[in-house]
Amino acid sequence: RAPAQRRPAPASADAAVVAVEREAVKLAVQVPVLAAPLYDTLDDEDFTHEGLRAVHQVIRAAGGTAASTGGEAWVTALLEGSPDDRVRSFITMLAVESLRSDNEPDQRYAGAVLARVQEHAVTRKITELKPRLQRMNPVEEPDKYNALFTELIRLEQTARSHRERGIGAL
């Protein structure tokens, strides 16, 4: 009998989320004109990876992607605005790492990546809200329950909108 071939382990959901976040930050570092202005609407909490969040903070402190035309001057400004060598090293790595686009990255690609980051962030909020809602008694606290339920519906609609926008951009 031939030895059984092992299948590679599937990538975890967390790894997939970080990969999308990384691509978004690479876009902001390498081609900020494609990432702007949507990238600038992202919050620090939208990034689950500590290093990516730190680079995002440096980008925001440098004026955001809308304030940059990119190129070497942009990367230099990010490096100079970095709080420490760890973040500078991360920026340098992101500045030279290839983007995952099969073609030359464009507005559609950037829009799809950024929509996915937004979708993941909203999905995390939904995941945090659902258990709170399930523990509540709607009869004892109807106003609070209705407010949380309304928030849940709004977040689910937002997540769906981001997902559709991301799919439509591809």
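The values are calculated or read from the model by the stated rules, or taken from the named source; none is laboratory data. Just so it is clear, the model here is predicted, and its values are computed rather than measured. Every residue, glycine among them, receives a Cβ derived from its backbone with ideal geometry; neighbour counts consider all protein chains shown. Areas reflect the complete protein model, heavy atoms only, side chains present, ligands, DNA and RNA absent. Shrake-Rupley method; radii C 1.70, N 1.55, O 1.52, S 1.80 Å.
Given the criteria modelled with pLDDT under 95 and closer than 16 Å to HIS120 by Cα, does VAL17 qualify? Yes; evaluated as a whole, the condition is true for this residue. The residues of region 42-57 that are among the polar types (S, T, N, Q) and assigned to a helix (DSSP H, G or I) amount to a single one, GLN57. For region 40-60, does any single residue satisfy the condition of being open to solvent by 70 Å² or more (accessible area, probe 1.4 Å), hydroxyl-bearing (Ser, Thr, Tyr) and at pLDDT 95 or above? Yes, that holds for at least one residue.
Step by step: first the residues of region 88-97, then only those that are in contact (Cβ under 8 Å) with a residue 60 or more places away in the chain and assigned to a helix (DSSP H, G or I), then the one that is surrounded by the most Cβ atoms within 10 Å (Cβ to Cβ). Which residue is that?
Going through region 88-97, the residues in contact (Cβ under 8 Å) with a residue 60 or more places away in the chain turn out to be 91, 94-95, 97.
If we keep only those that are assigned to a helix (DSSP H, G or I) too, we end up with 91, 94-95.
Details: ILE91: 23, LEU94: 21, ALA95: 16.
Once the filter is applied, the top-ranked residue is ILE91.
Might you let me know whether region 98-112 holds any residue that is in a loop (DSSP other than H, G, I, E, B), surrounded by 13 or more Cβ atoms within 10 Å (Cβ to Cβ), of a type in the set (Lys, Arg) and in contact with a helix residue (DSSP H, G or I) (Cβ under 7 Å, 6 or more places away or on another chain)? So far as region 98-112 goes, yes, one or more of its residues are in a loop (DSSP other than H, G, I, E, B), surrounded by 13 or more Cβ atoms within 10 Å (Cβ to Cβ), of a type in the set (Lys, Arg) and in contact with a helix residue (DSSP H, G or I) (Cβ under 7 Å, 6 or more places away or on another chain). Scan region 61-72 and tell me whether some residue there is at pLDDT 95 or above, open to solvent by 20 Å² or more (accessible area, probe 1.4 Å) and on the phi > 0 side of the Ramachandran plot. For region 61-72, residues at pLDDT 95 or above, open to solvent by 20 Å² or more (accessible area, probe 1.4 Å) and on the phi > 0 side of the Ramachandran plot: present. Looking only at region 117-154, residues that are open to solvent by 90 Å² or more (accessible area, probe 1.4 Å) and either charged (D, E, K, R) or within 30 Å of LEU34 (Cα to Cα) (or both) come to 8 in all.
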